[in-house]
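The values are calculated or read from the model by the stated rules, or taken from the named source; none is laboratory data. The model shown is predicted, which means the values in this text are computed figures rather than measured ones. Glycine also receives a Cβ, built like all others from the backbone with ideal geometry; neighbour counts cover every protein chain displayed. SASA here: full protein model, heavy atoms, side chains in, ligands and nucleic acids out. Shrake-Rupley method; radii C 1.70, N 1.55, O 1.52, S 1.80 Å.
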Amino acid sequence: MASLKEKTARGLLWGSISNGLQQLLNLAIGIFLARKLSQDDYGLVGMIAIFTALGATLQEGGFIAALNKRKDATYNDFNAVFWTSLGIGVSFYLLLFFCAPLIASFYHQPQLTALTRYVSLAFVISSFSTAPRAYLFRNMKVRETSIMTIAALAVSGVVAIFMAFQGMAYWSIATQNIVYIAVVTALSYHFTGWRPSLKVDFTPIREMFGFSSRLIITYVINTVNTNLFSVLLGKLYQAKEVGDYTQANKWNTMGSSLISSMIYGIAQPVFTSVDDDRARQKAILRKLLRFTAFVTFPLMFGLALVAKEFIVILITEKWLESASLLQMLSIAGAFMPISYLFSNLIISRGHSGTYLWATVGQCLAALAVALLMSRHGIHAMVAAYATVNILWTGVWLRLAHRETGLRLWEFARDISPYLLLAAALCAAAHLVGGGIGNIYLRFAAKTTMVAAAYVGILWMLGSTILHESVDFILKRKITEHHETPLQD
């Protein structure tokens, strides 16, 4: 049987492959859709994003994390979760079905009535997959999850592009989400072989409720925070402005989620498996922290560096207004995977209440500064939002210190080499490449300079993370380093 560190390394490898392919697919699909659709199309879908996200959060109910936390999860546990999730999904669909006219009236967009009712079908479909996805997550089946999500993304993307070229406007974006969830649901049953039973005992739900209920509240608050600007902008501005923000946030999320999704696939199960060994848990946390910083800072700072060229080249100048928003979001996005790593540690320790209050504080702080800056326009609001999320990393660090003893100087030592190097290289590339007139050459020059210099400098300095990653990918026996990938 594979050791913990082998499972962790394999999980990160499959996670990186999966997320890399997903981002490439998302990139291709996003280019086609953004070129064909308008800001108004994205704006209409963005206006109801908070409702669809809340539905997905309530339907999942925190049960995936709760099942992972149970020492000996049985078939009855998964079966109870299945029926509970299905009931929540159907209930929330009916609620949004009847509230759809009110949502349309709130935004003064009559077409949102039908769109809300259509998009909400995803809740019911997704509720069928909560139990089998929890099984895949608990058992660190990253390979199966990777295949499942890539297939779903490819199929849903083809359907959305076809509909967009048929002139179906925002319906193509809505259908993409529904098809994606349907494929994920079908494949989750294929890979697990799990089936529900009509004989159900809801006792496990009552046992998990204390832990999962706090997660639900936290996820809801987090969802509100994430989609706050779409709601405020939808009320304060026209659909076009909402569309610009939605487009910028989409590309930023694609970048930061590349790392966050990898962390999600392995962090909680790994932390839970060593829950009784604090020293080992701290060692794993620091190793994951260094790996996260190694990848996220050059990726997200680089995206901020080439935001304008990226937007114009890929989705044309009609989206240029979103470039400056993307720059600010990308800076904050560089710190999100680190906060996400800390929050997964806290959840794995069973402290969903701590996670709840930390998230509540972050959301309230973001809401306060957003409202304070709203009179200064969307750019001021986004800048304030980004600043709060960066500073709140310190709060998550404090909570991680309580759980593992991780100190500030250890945290700084783990991330600062990658943060400072990425920032310095991006600044240099901006100064050197900024004078190139041709936009394609400027984009290529900036990205090449940062990527080549980053890898080259770390290699010459003997970066353990870089050498281990290369060795593991090439499946060479490590002879120059006494640690194996993700040595705990």
The residue from TRP357, TRP409 that alone is open to solvent by 20 Å² or more (accessible area, probe 1.4 Å), modelled with pLDDT of 90 or more and not acidic (Asp, Glu) is TRP409
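Report yes if ALA152 is in contact (Cβ under 8 Å) with a residue 60 or more places away in the chain and either under 25 Å from ALA34 (Cβ atoms) or small (Gly, Ala, Ser) (or both), otherwise no.
no
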By my count, helices (runs of 4 or more DSSP H) wholly in the range 34-128 with at least 1 residues that are over 25 Å from the mean Cα position of the chain (by Cα), closer than 28 Å to PHE165 by Cβ and at pLDDT below 85 are 75-107
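For LEU441, state whether it is assigned to a helix (DSSP H, G or I) and farther than 26 Å from HIS351 by Cα.
Working: assigned to a helix (DSSP H, G or I): yes; farther than 26 Å from HIS351 by Cα: yes.
When the stated conditions are applied, LEU441 passes them.
Considering only residues that are among the β-branched types (Val, Ile, Thr) and not in a helix (DSSP H, G or I), look in the range 291-340 and name the one that is farthest from ASN438 (Cα to Cα). Don't jump to the end; show me each part of the working.
Residues of the range 291-340 among the β-branched types (Val, Ile, Thr): 292, 295-296, 306, 311-313, 315-316, 331, 338.
Going one step further and asking which of them are not in a helix (DSSP H, G or I), we end up with 306, 316.
Working: VAL306: 13, THR316: 15 Å.
Once the filter is applied, the top-ranked residue is THR316.
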Every listed condition ((1) touching a Leu at 6+ places or on another chain (Cβ under 9 Å); (2) open to solvent by 30 Å² or more (accessible area, probe 1.4 Å)) holds for VAL395 save (1)
